[in-house]
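Working notes, beginning with the structure itself.
The values are calculated or read from the model by the stated rules, or taken from the named source; none is laboratory data. Nothing here was measured: the structure is a model prediction, and the numbers come from that model. When we count neighbours, we look across all protein chains shown, and the Cβ atoms used for this are built from the backbone with ideal geometry, even at glycine. Heads up: the accessible areas ignore ligands, DNA and RNA and are worked out on the full protein's heavy atoms, side chains in. Shrake-Rupley method; radii C 1.70, N 1.55, O 1.52, S 1.80 Å.
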Amino acid sequence: MMWRERARAVAEKVVRPLAAKYDQLQEYPWEIKDALAEAGLMGVWIPKEYGGSGGGIVDLCICVEELSRACGGVGVLYAVNALGSFPILVGGTEEQKMRYLPGIAKGEKLISFGLSEKFAGSDAASLRARAVKDGDHWILNGEKKWNTNGGAADIYTVFAVSDPTSKSRRISAFIVEKGTPGFTIGKVEDKMGIRCVPVVEIHFDNCRVPAKNLLGEIPGHGFKHAMQTLDRARPGVAAQGMGLAAGALEYATVYAGFREQFGSPIISFQMIQAMLADMATRTEAARHLIYAAAKAVDENAPNVSKLSAMCKLFATDTAMQVTTDAVQIFGGYGFMKDYPIEKYMRDAKITQIYEGTNQVQRLVVARSLIKEGLNLRFLLDFIPKEIQHGVNDPDTLARKAAAPPETATA
Ligand code: CAA
């Protein structure tokens, strides 16, 4: 069976019937995780040599999409294991890959990604957790915020400052196992959405991590590995958003088909039809952008960061818009907790925030465009010269930059 059918079968048989229960309980749904493992879904993105199925990011996204159609929380509960294992895949030694990935692929071990801190969200490089070398160990101190899967996970990829004097080699990543003395779970967050998956603070108090757990066994590559991880993981968040949009659209279409007002099903009204048509069009556009980005990651294409950021921002903005419109179509019932649709809107909101806010995604896209623009200077030949004074003249450019705005020429 292909991944989509396999994931859809678990989504419909196991996830959808349990979605409201675990949303209300705000507890980790171990029975759903077991069903995912039994269906062989936990190792989709892990290469065969490390015990996985050898699929790629496209396959991962298809699974996340199908699960999120039934429950956005389960979509991230699943995808966060990919996020946590990507640093090992991207930067781990052979020994680290062999040690950790097979357990994750079987669904016997869960993994989590510890980058953000109270004072280091979008500005991920400003993190403060410290790692100090002590013989054949590193000693970790500090805390991490918004750790998704924390508490449930057995393994944590954790980023910390290993060389505060360095600008570009300041941060290293460590693989920390649950139960390591000095590693504790702190505050468990009470959340608006994705309530079945825990989000916690994690604390390190003189936590001694064996030197062999330094990712790649070379210090200073942590920030780069974090960025490469996020490039690979963002299509998964996009798929979570798009799956939520697709699921909300299905509920809204069915509801509009039988809900009668003014003597007719509301789907016969053009205002509702226009809403549904726009919802469907945006969802389909997001789907194709995600698959294109995921394929680019699988093929190691050069423009991965840009495409990955584009699909994340477009699909998750779509998720928020489509799920909000779906609630609107349900009208007063849509606002009530005994109807399934308000959960889609709550679950969608975080997708615009985590794994890089959509403002950060726009920044990543814009930085790529600025770089691409440098190779497009030949187009200046087609723009009248009268506005190009100083384009290539550093003195004029410096004068322009220094001039007060009222005297600067347009
Ligand atoms: N791949 C490889 N290297 C990269 C890279 C990439 N995509 N992006 C940047 N780098 C490298 C740069 O080349 C540079 O290297 P040198 O120092 O050797 O020159 C270095 O990293 C620093 O790059 P920048 O100057 O661009 O870094 P910056 O400080 O300006 O930050 C940023 C850029 C895009 C804003 C980044 O901080 C970012 O992505 N922020 C958002 C963080 C984020 O997504 N957090 C999510 C946490 S996880 C989460 O949310 C999970 C969950 O709960 C489920």
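Okay, here's what the table says:
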quantity: Largest-first ordering by accessible area, 1.4 Å probe, given options Ile46, Ile62; calculated: Ile62, Ile46
quantity: Per residue solvent-accessible surface (Å²) - region 1-51, probe of 1.4 Å; calculated: 54 Å²
quantity: Cα shape, the chain, gyration tensor, a/c 1.5 rule; calculated: oblate
quantity: Distant-in-sequence amide H partners of Gly114 (H built 1.01 Å from N, under 5 Å); calculated: Thr157, Val158, Phe159
quantity: Size descriptor, Kirkwood hydrodynamic radius, that averages inverse alpha-carbon separations across region 217-340, Å; calculated: 16.0 Å
quantity: 3J(HN,Hα) from dihedral phi, region 109-117, Karplus parametrisation 6.51/-1.76/1.60, rounded to Hz, x for glycine, proline; calculated: 10, 10, 9, 9, 10, x, 10, 5, 9
quantity: Accessible surface, 1.4 Å probe, highest first, among residues His288, His389; calculated: His389, His288
quantity: Length added when fully stretched, Ser268-Lys224, from 0.36 nm per residue minus Cα-Cα; calculated: 10.6 nm
quantity: Cα gyration tensor, region 101-159 - rounded (a/c under 1.5), prolate or oblate; calculated: oblate
quantity: Between region 233-299 and region 106-153, the Cα center-to-center distance that results, in Å; calculated: 35 Å
quantity: Stokes-Einstein diffusion coefficient of region 33-110, Kirkwood radius over Cα pairs, 10 °C, 1.306 mPa s, in µm²/s; calculated: 129 µm²/s
quantity: Of the GluC sites (Glu not before Pro) in region 298-375, those whose Cβ has at most 12 other Cβ within 10 Å and which sit in DSSP loop; calculated: Glu299
quantity: Diffusion constant of region 182-260 at 37 °C, which comes from Stokes-Einstein with the Kirkwood Cα-pair radius and 0.692 mPa s, µm²/s; calculated: 192 µm²/s
quantity: Heavy atoms of Ser162 accessible to a 1.4 Å probe, total area in Å² rounded to 10; calculated: 20 Å²
quantity: Leu25 - accessible surface, heavy atoms, 1.4 Å probe, Å² rounded to 10; calculated: 80 Å²
quantity: Apportionment of accessible area to carbon and sulfur, the chain, percent (1.4 Å); calculated: 58 percent
quantity: Modelled FRET efficiency - R0 25 Å, Ser166 with Asn300, Cβ distances, 0.05 increments; calculated: 0.35
quantity: Tensor-based shape of region 120-213 (alpha-carbon gyration tensor, a/c under 1.5 rounded, otherwise prolate or oblate); calculated: oblate
quantity: Along the chain, longest interval not containing exposed chymotrypsin sites (Phe, Trp or Tyr not before Pro), exposed being DSSP loop plus at most 12 other Cβ atoms within 10 Å; calculated: 263-410
quantity: Set of lysines with alpha-carbon distance to Lys21 below 18 Å, sequence-local pairs under 8 removed; calculated: Lys13, Lys33, Lys191, Lys337, Lys343
quantity: Amide H contacts of Ala129 (H built 1.01 Å from N, under 5 Å, at least 5 apart or other chain); calculated: Glu143, Val161
quantity: Accessible area per residue in Å² at 1.4 Å probe, computed on region 306-391; calculated: 56 Å²
quantity: Mean accessible surface per residue for region 167-221, computed with a 1.4 Å probe while every protein chain stays in place, in Å²; calculated: 47 Å²
quantity: Dipole magnitude of the chain, debye to nearest 20 (Cβ charges: Lys/Arg +1, Asp/Glu -1, about Cα centre); calculated: 480 debye
